Amino acid sequence: MIRIGILEDEIHCFKKLNDCIMRYGAEHNLEFHVDLFTTGLAMVEADITKYDIIFLDIQVPMVNGLKVAKNIREKDKDVTIIFVTNLAQYAIYGYEVDALDYILKPIKYSSMEFRLNKAVMRVNKNKQSAITLYINREHIRVNLSDIYYVEANKHQTIYHTLYGNYEVWESFTEAAKRLAPYPFAKCHGSYLCNLKWVHSINDTEAVIKDVAVLKLSRTQKKSFADALTSYWAEMGG
């Protein structure tokens, strides 16, 4: 199922968007769940990380679509955003928040189908390359490639990422299971490294490029070196 959030204060426009989405689902054998938000404030206060695609009417009162988009990007850097507007000149603001596209009113199915084709492709790609962390009663979506390494910290796990550190109430074992399908490997009982960011290793240390130098334990050294060698070979480097 693909979950869609729509910010739209005009019910007839929402109905047209929803009808197009459902038609697209029927024609492409896809299941969609759609939620309507009639104010920007309602969407800002919602858990937007559960959505795969978000349609934002730019011209809504009070908290407009662009402000909502900026708020969304603080929580989720990958969710697909599409602006809905009466005026094409507003579409330029999409670059500020990495919007996928924009659609002009009145809404036509041919235009919606084109945007949904692109959106669904991006959603499928994102689902294979991101995880969701529960932090301070919020769900934060983090791109796997942005994670440098994961650290055990008593009953918490710390995700060290390109955008800062996230402390999550989960065990290190749970984090390792979550990341098992991806190119991560333990260099120590307390560290799980994203192999993408490993610059080098020696007898006692693993160097995370420009970020940290982590202990490389004797028990993990061989398996970590094997995993790293295989990753480098696969990546052609």
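The table below gives the values:
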| read-out | value |
| --- | --- |
| Spans of strands (runs of 3 or more DSSP E) in the range 141-237 with at least 1 residues farther than 16 Å from Ala130 by Cα, modelled with pLDDT of 95 or more and among the aromatic types (Phe, Trp, Tyr) | 191-194 |
| Residues satisfying the stated conditions in the range 99-133, i.e. loosely packed, with under 15 Cβ neighbours inside 10 Å, out of contact with any helix residue (DSSP H, G or I) (no Cβ under 7 Å at 6 or more places or on another chain), under 30 Å from Ala175 (Cα atoms) and touching a residue at least 12 places away in the same chain (Cβ under 8 Å) | Lys127 |
| Cβ-Cβ under 6 Å pairs, at least 6 apart or on other chains, the range 138-154 side surrounded by fewer than 20 Cβ atoms within 10 Å (Cβ to Cβ), far side hydroxyl-bearing (Ser, Thr, Tyr) and in a helix (DSSP H, G or I) | His139/Thr49; Arg141/Thr49 |
| Any pair with Cβ under 6 angstrom, 6 or more apart, that starts in the range 44-73 at a residue that is over 23 Å from Met121 (Cα atoms) and ends at one that is acidic (Asp, Glu) and assigned to a strand (DSSP E or B) | Gly65/Asp57 |
| Residue within the range 71-91 that is outside the structural domain of Asn165 (by TED's automatic domain parsing), at pLDDT 90 or above, touching a Gly at 6+ places or on another chain (Cβ under 8 Å) and closer than 25 Å to Leu144 by Cβ present | yes |
| The one condition in (1) at pLDDT below 90; (2) assigned by TED's automatic domain parsing to the domain that holds Cys20; (3) of a type in the set (A, V, I, L, M) that Leu104 fails to fulfil | (1) |
| Answer residue from the range 1-38, given it is charged (D, E, K, R) and out of contact with any strand residue (DSSP E or B) (no Cβ under 8 Å at 6 or more places or on another chain) and is farthest from Leu66 (Cα to Cα) among those | Glu27 |
| Scope the range 157-175; condition among the polar types (S, T, N, Q) and touching a helix residue (DSSP H, G or I) at 6+ places or on another chain (Cβ under 9 Å); matching residues | Thr157, Thr161 |
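The values are calculated or read from the model by the stated rules, or taken from the named source; none is laboratory data. Just so it is clear, the structure is predicted and the values come from calculations on it, not from any experiment. Using ideal geometry, Cβ is built from the backbone for each residue, glycine included, and neighbour counts are taken over all protein chains shown.
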